[in-house]
Amino acid sequence: LHRQAEQTCRQLVRTQEEHERLLQAAVEQAEGLEHNLRTAEAVLAERAAQLKDTQAQLSRNKLLIKDLREENRGFAVALQAAELKQKSTEEKNQLLEEQASALKQLIGKITPASLSG
């Protein structure tokens, strides 16, 4: 009976030691998981900050694009007006060239008549 009690006691000690080892392993695993969680939270916070910065930059870019579109509309109107003015100038120039040609012909006809007369 005494031997059986000693055996049971040794068995209980081994079981307790095994439980302590398992508990220590579980504590270490929990600490590792906690560290991983903190690391993941830090990465997520950094990514969130990056996304916020990116979103702010996108908003600024949208405003710049809007401003550029408005400016381009103004340039398009100015270009259209300049093209119309150029066309009008070309037409006037053509008319002046025709008038100049007609005057040259007239002068050519008048000059020989005045020289002979």
What is the spread of the Cα atoms of the chain along each of their three principal axes, largest first, in whole Å?
-> 167, 21, 14
Carbon/sulfur fraction of accessible area - the chain, other protein chains in place, 1.4 Å, % | 60
Residue-normalised value, i.e. accessible area per residue, for the stretch 1-98 at 1.4 Å probe, in Å², stands at 95
By how many degrees, between 0 and 90 and to the nearest 10, does the Cα long axis of helix 2-116 differ from the longest principal axis of the chain?
-> 0
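The values are calculated or read from the model by the stated rules, or taken from the named source; none is laboratory data. This structure is a prediction, so every number in the text was calculated from the model and none was measured. We work out accessible area using only protein heavy atoms, side chains counted, and drop any ligands, DNA or RNA first. Shrake-Rupley method; radii C 1.70, N 1.55, O 1.52, S 1.80 Å.
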